[in-house]
């Protein structure tokens, strides 16, 4: 049984360390909500919510330090802003990211949407209120 999912994606990085680079995507089931995006050329790793990456495949997602959106020509744009003010923009192949995310969802399926989860059972009205 597979215990993790890792992919090396060819990307184009814009910024000071720009050019064609490799981004390593790493998913571990012990941290099921997170994907690590490593940039070995810059010795930088970002931890991003798996659901944010998934949402970014369909449309703009994120409003903080990581923003993701579909881009023309089968690419996806990831924009990063560090706490120190550094910025980087990365274009990656959409199909490779989608395949990676599908593999992570095979390993650990997505949790149901909280809006569609069944509500917890309620107490009957005849029950006395709990003591505090």
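Across segment 22-31, the qualifying residues are those that are without any contact (Cβ under 8 Å) to a residue 40 or more places away in the chain and touching a strand residue (DSSP E or B) at 6+ places or on another chain (Cβ under 6 Å), and the one among them that is surrounded by the most Cβ atoms within 10 Å (Cβ to Cβ) is 26. Of the residues making up segment 107-122, one or more are touching a strand residue (DSSP E or B) at 6+ places or on another chain (Cβ under 9 Å) and modelled with pLDDT of 85 or more.
One residue alone among 42, 34, 16 is modelled with pLDDT under 95 and surrounded by 13 or more Cβ atoms within 10 Å (Cβ to Cβ), and that residue is 42.
Against the definition (closer than 22 Å to residue 104 by Cα, loosely packed, with under 14 Cβ neighbours inside 10 Å and either within 14 Å of the chain's Cα centre (by Cα) or free of Cβ contacts under 8 Å to residues at least 12 places away in the same chain (or both)), how does residue 85 come out, yes or no? No, not satisfied. Among the residues of segment 53-63, is any more than 15 Å from residue 94 (Cβ to Cβ), at pLDDT 95 or above, within 17 Å of the chain's Cα centre (by Cα) and surrounded by fewer than 16 Cβ atoms within 10 Å (Cβ to Cβ)? No, the conditions are met nowhere in segment 53-63.
The values are calculated or read from the model by the stated rules, or taken from the named source; none is laboratory data. The structure presented is a predicted model; accordingly, all values stated were derived computationally and were not measured. For neighbour counting, all protein chains shown are included, and Cβ atoms are generated from backbone atoms with ideal geometry for every residue, glycine included.
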